[in-house]
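Values in this text are rule-based calculations from the coordinates and carry no lab data. The model shown is predicted, which means the values in this text are computed figures rather than measured ones. As a convention, Cβ positions derive from the backbone with ideal geometry for all residues, glycine included, and neighbour counts pool all protein chains shown.
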Amino acid sequence: MSQTSTAPAPTGSSAPTPRRGERARRVPNWAPWAAFAGAAVVVGALWPLLDLNIALFVLYTVVLGTLAVYLLTRSVEGSRQAIDRLVTCLVVSAFGLAMVPLVSLVWEVVSRGIGRLDGTFFNSSLVGIVGEGGGAYHAIMGTLIITALTTLISVPIGLMTAVFLVEYARGRLKRAITFLVDVMTGIPSIVAGLFAYALFAIFLGPGVRLGIMGAIALSVLMIPVVVRSAEEVLKLVPNELREASYALGVPKWRTIVKVVIPTAIAGLGTGVTLAIARVVGETAPLLITLGITTATNLNAFDGRMATLPVYAYYQLTQPGVPPQFATDRAWTAALVLIILVMGLNVVARLISRFFAPKSGR
Amino acid sequence: MSSTRTTPPSPAGTRRSVRRPGDRVFAGTAKGAGILILVILAGVAAFLVVEAVPALTAPAEDIPGESGLASYVAPLVFGTLLAAVIALLVATPLAVAIALFIGYYAPRRMAQGLGYLVDLLAAIPSIVYGFWGIFWLAPKLVPFYEWLERNLGFIPLFAGPASTTGRTMLTAGLVLAVMILPIVSAISREVFLQVPSLHREAALALGATRWEMIRMAVLPYGRSGVIGGAMLGLGRALGETMAVAIVLSVSGGITFNLISSGNPSTIAANIALEFPESSGIDINTLIASGLALFVITLAVNMLARAIVNRRADFSGAN
Amino acid sequence: MAKRIDVSDLHIYYGNFLAVENVNVSIEPRSITALIGPSGCGKSTFLRSLNRMHEVIPGARVEGKVVMDGVDLYGSDVDPVDVRRQIGMVFQRPNPFPTMSIYENVAAGLRLNAKRMKKSDLDDLVERSLKGANLWTEVKDRLDRPGAGLSGGQQQRLCIARAIAVEPDVLLMDEPCSALDPISTLAIEDLMTELKERFTIVIVTHNMQQAARVSEQTGFFNLNGVGQPGRLIEFNPTEKIFSNPDQKATEDYISGRFG
């Protein structure tokens, strides 16, 4: 990857050298590369002996290469430079290590899920399906409905709260709300689900399952995200614009609605999209508030509904016999979910790029 | 005419000015939304308490396990803490290293893109992590667990017998570590970026190597921020549900053995697994355990925010 | 419909900090009144208190009277929004609304207040205001372009057009030329002399030549030291201020001995 940064930048390590006047010798730029290449060759040669797999091969190569770089630098440039190199190797390896889950996860989901990414998956439900076939139409519709409802609840509350914090609130109430919004971002999603269940169970009796319950649970998770992002964006609107509007005899509320919010609209759109992306893949709260169905239910106020994440969960954990078909559907559902989330992330970036206020300068 | 010269100048001193109805309604709505946040948070606590009360007052033999609420919840709390602590121990050093890499080692032009890659880890739904954990990570770890049992079996943590499926507490902790990596690294990155460039340049001007500069100028400055970020990560890990529910093979009580197939469950995962099939007092019990989780995460998050905010006050960013 | 403003015993505060102390002055209609003085002496604060923009800042307040047309602008039954409709303001940095076109910027005062108006009437008003701000010929072919795309001087004239479109009685200008080049400054100064036929103009400026060139009356603000309130030292016809001021401090400032 960026092993270029391993090589000493001329400015970086030449500064102390002449001043000390004792260390004229330096490891050439290509040496660290050579050390790692050598390590790879050595480990490769030992492959049959050690019964390696690819992960162990990379691991041993990195360890051996790092060690070689350290010892080489230590013998030529001294221990300070050697430790610097060592840390560089460690930091780069850490980043590489973090990419392993990302790459393997995407690869795994795509390769296992692509097989059932067909028309049937998108336009049929699971009614009457025992083995092969069937789809997630009901679950996809459920996810869309629940997400739309959640957005409908969360965006007005979140946006108005952000407006309150930025434009009106002051003193203790402002500090209290800011703090509690922060705390609210940390509520575990399952607790939000339990809250929605408890709320409805008290009024409608135990065992209740409704679409709207899921939307309320997700709103508890989404509202703080919307508040946070909207607050950041509204703060960026220059005060000069508010003053220009006041000076025209425009009341404060109209200034907010017609000047401040339109100026910030791109950022608000980005924030809301990212907040939707955050809740669209939530499983736990929907598992306990919506349950699952095999048939399509489009009414959020009447009984159980299927959603994509819960669908994926049940297809995986309760596949039936033979399990292969349900497991395939589960992976495809996971793939669709990832595509949905990534798509929303891309849309968010596009909004911020294309809908930013036009400035001729 | 109200001339203020006649009115005594109060400390607040502002004249109550005329406000238009539109302004009053709008300001009231905004304030209402803000207060609604307080109400929701209070509501979460209140409704959980109300629904948990039957379990708190029920006779011990009605609780699943038939030996009372405390002994039902205790292993769950233990499992929750154990998994979260493993995640924290693995994720924090890695996240700091990643933040350093993006901030100080990666080529400038690539840094933003690489940061975005790490953030992508946060976008992946937790259920997908569960799929990945049980199908990809767990089998890959089986030989490693066997090796641990053979060579480090004398340590109670690795006493074994090693799980043949890899669905162990350590695997669950590692999956959680990956999941909290982005938030810890994002907050670390943020604080490292705020290190005054004067400090860094001063260190370099003294002839420090890059690592010495980081050790002298960056890490001390960012320490409390990293701690706060790690605490936020801990809060996430404590409440994480689906990945653990899928990955962890649950059977048994409190044990420190990390690589066997007998593990305590976590509160969140246990709720997800048991809730759909439960009714009556069992549901109240689960809600009571959820209340415990709520209290734990609330405490952790409040502490984390207090640490992060205190640091923000010092940095002069506001 | 230019109007006269009488200020009496005005004290201006930021929280508990007294920023400007005891101002008594009469501002004549159909004339330009310039306010000069060193930085931080409170001249902008005073200007902003004339149309109740001062109180937009949290904790800011005033004591005393500002009377226009026999009405105390700080009376308990006076809506600050109405005051600002009668007394317009132009700011130091040009601040056109970035989301609006040139046309919409000029019409903003009406549009934002949801005044219903026939399209042709609105067109007339926009044209009249832009002509009034000497900007019409430069922008008449691109009224639908963003206002932020104009040059700094054009933007400032756009802001003046926006301010006069709501047809105020008084126009306050807070260092309107300080961010502009000399040619744009000249254009704005010419514009001011035209506008004073219709409006009462109060301008804050750092540029003493500018005050001498355009104004009929000049007020000199000063403060004794950091942390002290600013005070109106002298208020006289411009000619007198610049040739034979009453106060020693004024003379020192005019002749460049300090400030």
## Note on the structure
FRET efficiency for B:ARG223 and B:VAL85 from the Cβ-Cβ distance with R0 = 25 Å, rounded to 0.05, comes out at 0.80
### Summary
Karplus-derived 3J(HN,Hα) from phi for the range A:226-231 (6.51 cos²θ - 1.76 cosθ + 1.60, θ = phi - 60°), whole Hz, x at Gly and Pro, runs 5, 4, 4, 5, 5, 4
### Task
Taking H placed 1.01 Å from N in the peptide plane, check which residues at least 5 places from B:ALA106 or on another chain put their amide H under 5 Å from its amide H.
none
### Task
Order by neighbour count: B:LYS140, A:LYS252, C:LYS43, B:LYS31, fewest other Cβ atoms within 10 Å first, most last.
B:LYS140, B:LYS31, A:LYS252, C:LYS43
### Task
Estimate the FRET efficiency between A:ASN123 and B:ARG19 by the formula 1/(1 + (r/R0)^6), using the beta-carbon distance for r and 51 Å for R0, to the nearest 0.05.
0.35
## Note on the structure
Long-range amide H partners of C:MET173, meaning residues 5 or more apart or on another chain whose placed amide H is closer than 5 Å, are C:VAL90, C:VAL202, C:ILE203, C:VAL204
### Message
7 Å from Cα along Cα→Cβ at both C:ASN207 and C:GLU21: what's the point-to-point distance in nm?
### Response
3.3
### Query
Across the range B:181-194, in residue order, what do the Karplus-derived ³J(HN,Hα) couplings come to in whole Hz, using 6.51 cos²θ - 1.76 cosθ + 1.60 with θ = phi - 60° and x for Gly and Pro?
3, x, 6, 5, 6, 5, 6, 4, 4, 4, 5, 5, 5, 7
### Query
Among A:LEU105, C:VAL7, C:THR193, which residue has its Cα positioned farthest towards the positive end of the charge dipole of the protein assembly as shown, with +1 placed on the Cβ of Lys and Arg, -1 on the Cβ of Asp and Glu, and the dipole taken about the Cα centre?
C:THR193
### Farthest positive-ward along the range A:123-354 dipole, Cα basis, beta-carbon charges - from A:PHE325, A:VAL237, A:THR273
A:VAL237
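Could you estimate the translational diffusion coefficient of the protein assembly as shown from the Stokes-Einstein equation, with Rh from the Kirkwood formula over C-alpha pairs, at 10 °C and 1.306 mPa s, in whole µm²/s?
Details: Rh = 32.4 Å.
Answer from the Stokes-Einstein relation: 49 µm²/s.
Going highest first, how would you order B:272-284, A:148-160 by mean Cβ packing within 10 Å? Can you show the working numbers first?
Values: B:272-284: 17.3, A:148-160: 19.9.
The densest-packed peptide leads the list: A:148-160, B:272-284.
For the range C:48-194, what class follows from the C-alpha gyration tensor (a ≥ b ≥ c being the square roots of its eigenvalues): rounded when a/c is under 1.5, otherwise prolate if a/b is larger than b/c, else oblate? Before the final figure, lay out the partial values.
Working: a/c = 1.98, a/b = 1.46, b/c = 1.36.
The shape class here is prolate.
Just tell me the longest site-free run in chain A, where the sites are GluC sites (Glu not before Pro) in a DSSP loop having at most 16 other beta-carbon atoms within 10 Å. Working shown, then result.
Numbers: sites that count: A:GLU22, A:GLU132.
Between the exposed loop sites, the longest stretch runs A:133-361.
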### Karplus (6.51, -1.76, 1.60) ³J(HN,Hα), θ = phi - 60°, over the range B:95-105, in Hz, Gly and Pro reported as x
5, 5, 4, 5, 4, 5, 4, 5, x, 10, 10
### A:ASN29 paired with A:ILE54, simple spin-label distance in nm, labels 7 Å along Cα-to-beta-carbon
3.2
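Evaluate the charge dipole of the protein assembly as shown about its Cα centre and quote only its size in Debye, nearest 20, assuming +1 on the Cβ of each Lys and Arg and -1 on the Cβ of each Asp and Glu. Mind showing how you got there, number by number?
Working: 79 positive and 66 negative charges, 313 e Å.
Dipole about the Cα centre, nearest 20: 1500 debye.
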### Query
Hey, fewest Cβ within 10 Å first, where do C:TYR74, B:TYR116, A:TYR168 land in order?
B:TYR116, A:TYR168, C:TYR74
### Query
For C:ILE233, which sequence-distant residues (separation of 5 or more, or a different chain) have an amide H within less than 5 Å of its own amide H, given hydrogens modelled in the peptide plane?
C:PHE220, C:PHE221, C:ASN222
#### Entry: Cβ-based exposure ranking for C:ILE241, C:ILE57, A:ILE256, in which fewest neighbours within 10 Å come first
C:ILE57, A:ILE256, C:ILE241
### Task
Compute from the Cα atoms of chain A the Rg and the Dmax, the latter being the longest Cα-Cα distance, and quote both in angstrom.
28.0, 84
## Note on the structure
Of B:43-49, B:145-151, ordering from highest average Cβ density within 10 Å down gives B:43-49, B:145-151
### Task
Quick one: dipole size for the range B:70-212, taken about the Cα centre, charges +1 on Lys/Arg Cβ and -1 on Asp/Glu Cβ, in debye to the nearest 20.
220
### Task
Choose one of A:LEU286, A:THR255, A:PHE200: the residue whose Cα lies farthest towards the positive end of the charge dipole of the range A:196-344 (beta-carbon charges +1 Lys, Arg; -1 Asp, Glu; about the Cα centre).
A:THR255
### Query
Measuring from the lowest to the highest alpha carbon on each principal axis, how far does the range B:35-138 reach, largest first, in angstroms?
64, 43, 23
